[in-house]
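Peer 1: Quick one: the structure is below, and I'll ask about it shortly.
The values are calculated or read from the model by the stated rules, or taken from the named source; none is laboratory data. Only a predicted model underlies this, so the values are computations on that prediction, with no experimental measurement involved. When we count neighbours, we look across all protein chains shown, and the Cβ atoms used for this are built from the backbone with ideal geometry, even at glycine.
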Amino acid sequence: MPKPTRTAKQLHQLLIERIEAIPDLAGQITDVHRGYVVGTGVYGDDGPSWTVPVLTDRNAHRPDIARIIRQLQMQFDLED
């Protein structure tokens, strides 16, 4: 069954809203804030159709933000 689609702007806004709901991230700027949603060229069950590129140090990776991205990737595809 196909997933509902959202524009890159809508996906970015959903990510920001969920990240800013994490208490210890209040007021912090993340790669998601600095960045953007990009298509991966993959659709359907082969993997996520979009991602957010890493713009800063990979060592600053936050599992809670990665989880939010994965949850939204499983919920929505990027609109063409």
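Peer 1: Is it the case, given these coordinates, that ALA21 is surrounded by fewer than 11 Cβ atoms within 10 Å (Cβ to Cβ) and touching a helix residue (DSSP H, G or I) at 6+ places or on another chain (Cβ under 8 Å)?
Peer 2: no
Peer 1: Check segment 19-38 and report whether any residue there is hydroxyl-bearing (Ser, Thr, Tyr), at pLDDT below 90 and over 17 Å from PRO63 (Cα atoms).
Peer 2: no
Peer 1: Keeping to segment 55-79, report how many residues are without any contact (Cβ under 8 Å) to a residue 40 or more places away in the chain, under 28 Å from PRO2 (Cβ atoms) and touching a Gly at 6+ places or on another chain (Cβ under 9 Å).
Peer 2: 1
Peer 1: Right, something else. In segment 36-61, what residues are assigned to a loop (DSSP other than H, G, I, E, B) and either crowded, with 16+ Cβ neighbours inside 10 Å or of a type in the set (Asp, Glu) (or both)? Steps first, please.
Peer 2: In the first step, residues of segment 36-61 are kept if they are assigned to a loop (DSSP other than H, G, I, E, B); the result is 36-37, 40-43, 47-49, 52-57, 61.
VAL37, TYR43, PRO48, SER49, VAL52, ASP57, listed by residue number.
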